1. Out of everything in segment 70-86 that is over 13 Å from the mean Cα position of the chain (by Cα) and surrounded by fewer than 11 Cβ atoms within 10 Å (Cβ to Cβ), what residue ends up being nearest to A28 (Cα to Cα)?
2. List, please: which pairs have Cβ atoms under 8 Å, are six or more places apart or on different chains, and start with a residue in segment 6-19 that is without any contact (Cβ under 8 Å) to a residue 40 or more places away in the chain and end with one that is among the aliphatic types (A, V, I, L, M)?
3. Checking S35 against (1) of a type in the set (G, A, S); (2) at pLDDT below 95; (3) under 13 Å from the mean Cα position of the chain (by Cα), which single condition isn't satisfied?
4. List every residue pair whose Cβ atoms lie under 9 Å apart, where the two residues are 6 or more positions apart in sequence or sit on different chains, the first residue falls within segment 61-90 and is touching a residue at least 60 places away in the same chain (Cβ under 8 Å), and the second residue, located anywhere, is in a strand (DSSP E or B) and exposed (fewer than 14 other Cβ atoms within 10 Å of the Cβ).
5. Quick one: in segment 43-56, which of the residues that are under 10 Å from the mean Cα position of the chain (by Cα) and surrounded by 18 or more Cβ atoms within 10 Å (Cβ to Cβ) is nearest to L87 (Cα to Cα)?
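The values are calculated or read from the model by the stated rules, or taken from the named source; none is laboratory data. Bear in mind that the values here come from a model prediction, so they are computed numbers and not experimental data. Note that each Cβ is placed from the backbone with ideal geometry, even for glycine, and that neighbours are counted across all protein chains shown.
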Amino acid sequence: MPQRSGQFVVIAEFEVPPERLGGFLEAAGDDARHSVADESGCLQFDVSVEQGDPARVVFYEVYKSQTAFDAHLQTPHLARFRKALPLVSKEFPPRFLERTHPGGDT
């Protein structure tokens with residue numbers, strides 16, 4: 001049986017046209033930096049571009065709990081990020097997971 005950490009993981013994926021990618025990544029980076037710096041419940045927030053398909057952007061977010069993620073949804077930096085969503089050509093449904101075997105310092 002896997003060890004359960006209770007940590008809440010969100011994987012969000014977006015398709016962004018190449019001409020809009022820079023603006024989207026800037027907004028995503030702002031959200032990621034503020035999430036980790038300003039939210040005690042946010043343990044990790046990575047913004048990545050898929051190899052071979054630079055139009056696909058993937059967020060990997062780790063929170064102490066689903067409650068911490070719910071608090072993230074109310075933050076000013078997420079509200080700023082949402083203003084960048086018109087840059088996206090497609091937003092995939094987010095995936096929610098429970099983290100097992102956390103690595104690193106988390």
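1. Restricting to residues being over 13 Å from the mean Cα position of the chain (by Cα) and surrounded by fewer than 11 Cβ atoms within 10 Å (Cβ to Cβ), the top hit is K83.
2. Listed by first residue and then by second, the contacts come to P18/A55.
3. (2)
4. Sorted first by the residue in segment 61-90, then by its partner, the pairs are F69/F96.
5. Residues of segment 43-56 under 10 Å from the mean Cα position of the chain (by Cα): 44-48.
Okay, now just the ones that are also surrounded by 18 or more Cβ atoms within 10 Å (Cβ to Cβ), so 44-45, 47.
Values: Q44: 24, F45: 20, V47: 16 Å.
Checking each candidate, the answer is V47.
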